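Working notes for the structure below.
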Amino acid sequence: MSTLKVSGIQVIIEKLQLIGLQIIEKEEKIKGIIYTLNSLHKKIERKQEFKEKTAALEED
């Protein structure tokens, strides 16, 4: 292979590696968002349970 082809292939490989790193970074951000949403969902569920228990106590 010519030197030009080899350097072109190396450039393509480097670009693909950068794209791979960007995908990994975005994946980590998405995981963080999912974790946050799950935490918020659990908090909302606990608040709802508390409201239901409080309402049941007030009825008694």
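Want the number for residue 57 to residue 2: 0.36 nm per residue separation, take away the alpha-carbon distance, what's left? Let's see the in-between values first.
Working: separation 55, 0.36 × 55 = 19.80 nm, distance 8.24 nm.
Contour length minus the Cα-Cα distance gives 11.6 nm.
Using θ = phi - 60° and the Karplus curve 6.51 cos²θ - 1.76 cosθ + 1.60, what whole-Hz ³J(HN,Hα) does each residue of the stretch 24-34 get, with Gly and Pro shown as x?
With coefficients 6.51, -1.76 and 1.60, one gets 4, 4, 5, 4, 5, 5, 5, 4, x, 5, 4 Hz.
How far apart, in nanometres, would the label points at residue 46 and residue 16 be if each is projected 7 angstrom from Cα along the Cα-to-Cβ direction?
Label-label distance for residue 46 and residue 16, simple model: 4.7 nm.
Could you please tell me the mean projected area of the C-alpha convex hull for the chain, averaged over all directions and given in square nanometres to one decimal?
4.2 nm²
Could you give the size of the charge dipole of the chain about its Cα centre, using +1 on the Cβ of each K and R and -1 on the Cβ of each D and E, expressed in debye and rounded to the nearest 20?
Details: 11 positive and 10 negative charges, 88 e Å.
For the chain, the charge dipole is close to 420 debye.
Would you count, across the chain, every pair of lysines whose alpha carbons are under 19 angstrom apart, provided the pair is eight or more residues apart or spans two chains?
Values: 5/15; 15/26; 31/42; 31/43; 42/51; 42/53; 43/51; 43/53.
The number of close lysine pairs in the chain is 8.
Any read-out appearing in this document is the output of simple, stated calculations on the displayed coordinates, not a laboratory observation. Quantities reported herein were computed from a predicted structural model and do not represent experimental measurements. For neighbour counting, all protein chains shown are included, and Cβ atoms are generated from backbone atoms with ideal geometry for every residue, glycine included.
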